[in-house]
Amino acid sequence: MNKKRKSSSLLRLFPFVFLLGMVFLIGNAFITVDYKEGISGWSSIIRLNLAKLKMCKTQFRPPGSETLPRGIVASKSDLEMRPLWGAKRNKKPKQNLLAMAAGIKQKESVNKIVNKFSSSEFVVMLFHYDGSVDEWKEFEWSETAIHISVVNQTKWWFAKRFLHPDIVSAYSYIFLWDEDLGVDNFDARRYVSIIKEEGLEISQPALDPHLSEVHHQHTSRENKSRVHRRTYKVIGRARCNENSTGPPCTGFVEMMAPVFSRAAWRCTWHMIQNDLNHGWGIDFQLGYCAQGDRTKNIGIVDSEYILHLGLPTLGGSAENKTDSGELDQTKSQHSSDKTKPSPISQMSSGRSEVRKQTYAELETFKHRWKNAVKNDECWIDRFRA
């Protein structure tokens with residue numbers, strides 16, 4: 001009887017145990033699915049965040065702006081003037097920049113140059129090396145020009161400090177000119193059109209060979225030519241021909257009226273030495289900033305040519321060259337005073353010292369270039385024969 005009762009009890013418990021087991025199995029399946037889905041969801045979130053982090057790391061952010069939200073970063077600037085109040089005038093941004101060293105005694109020459117550059121297409125910046133600024137107000141364009149005044153500094157000193165590539169990156173071409181240039185046969189708009197068509201990254205207007213002070217024959221104007229990129233003349237020891245690969249035969253401009261593309265100027269700016277004032281030596285290395293083949297990307301524009309007067313304007317305030325009549329008058333006023341050096345002798349002495357400094361800086365630059373090439377193991381000279 002007892003065995004029968006136990007068997008009967010087990011039979012009654014069996015459905016309950018079976019039901020409990022089914023509930024356990026089904027519940028475990030749901031828990032496993034939820035767990036897997038949870039793991040999968042978290043894995044997706046982690047992968048998404050990692051991808052986002054990787055994308056953010058690959059995005060370029062200007063140095064110093066890493067802590068700022070991307071949308072607030074203004075990475076470019078320009079030289080446009082802004083009104084102090086009222087609505088901003090909607091006008092087309094100027095595309096190019098004319099920057100010049102300027103002394104007040106050459107104001108007529110500077111005025112003629114500036115008037116050759118359209119006010120709607122060029123920003124004008126004057127580097128005043130003689131301290132005179134207000135005297136330029138007689139010219140209408142002076143009101144919208146950028147004036148920077150530091151006494152007895154060259155245009156290269158000014159350019160290194162005030163034409164940083166990030167500041168002038170808004171401009172397609174930078175004209176970095178001297179003041180002693182005749183521009184009767186020059187048109188800036190046509191010039192820009194030509195260098196764009198020719199693909200010139202670094203250029204200059206040709207020099208009138210009959211009236212200009214010409215230091216390098218390569219820059220002399222060639223008749224019936226639009227642009228030339230090389231000369232075939234004998235220059236010192238160099239016999240220039242079709243096989244010439246570098247200065248002074250090709251890939252070269254002088255430094256009185258160079259014109260740089262945006263990219264070429266970024267490179268050139270870095271080559272200007274901060275502690276050297278005159279920029280001597282840079283002209284022979286400009287090929288490294290030509291954005292490619294210097295024999296093709298550097299050229300002289302013959303159809304838009306200029307006159308280089310070669311006036312010695314630095315070396316002292318008395319040294320800004322004036323017309324011969326004024327010099328003769330100054331000489332006669334002091335001819336009886338034997339105890340004081342005349343302004344002309346002071347001028348000669350000042351120019352002599354400036355000349356010595358330019359040659360000294362040339363040797364310094366050449367020495368630095370040689371050492372830089374020697375010590376940079378990763379640098380490859382693309383122009384080495």
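What follows is calculated from the coordinates using simple rules that are stated; it is not laboratory data. In this text, all values refer to a predicted model and were calculated from it rather than measured experimentally. Please note: Cβ atoms are built from the backbone with ideal geometry, for glycine as well, and neighbour counts cover all protein chains shown.
Quick look at the values:
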read-out: Sorted by Cβ density within 10 Å, fewest first, the residues Leu286, Leu311, Leu207; value: Leu311, Leu286, Leu207
read-out: For the stretch 263-310 versus the stretch 130-148, the gap between their alpha-carbon centres in whole angstrom; value: 27 Å
read-out: Ser118 long-range amide H proximity, modeled H, under 5 Å; value: Arg189
read-out: For the stretch 361-367, Karplus couplings with θ = phi - 60° (6.51, -1.76, 1.60), whole Hz, Gly/Pro x; value: 5, 4, 5, 5, 5, 4, 5
read-out: Listed residues Leu211, Val168, Ile194: farthest to the positive end of the dipole of the stretch 168-231 (Cβ charges); value: Ile194
read-out: Global geometry of the stretch 96-308, whether rounded, prolate or oblate, following the gyration tensor of its Cα atoms and the 1.5 cut on a/c; value: prolate
read-out: Exceeding the 29 Å Cα-Cα cut-off - candidates Lys233/Lys296; Lys116/Lys155; Lys76/Lys356; value: Lys76/Lys356
read-out: Inter-probe distance in nm under a simple model that places probes 7 Å from Cα toward Cβ, at Arg226 and Met271; value: 2.7 nm
read-out: Phe284-Phe162 FRET efficiency (beta carbon distance; Förster radius 41 Å; 0.05 resolution); value: 0.95
read-out: FRET efficiency, Arg355 to Ser43 (Cβ-Cβ, R0 51 Å, nearest 0.05); value: 0.10
read-out: Dipole moment magnitude, nearest 20 debye, the stretch 96-308 about Cα centre, only Lys, Arg, Asp, Glu C-beta charged; value: 760 debye
read-out: Lys374/Met81 FRET efficiency (R0 41 Å; Cβ-Cβ; nearest 0.05); value: 0.30
read-out: In range of the label at Leu68: residues from the stretch 163-177 whose backbone nitrogen is under 14 Å from the point 7 Å along Cα→Cβ; value: 167
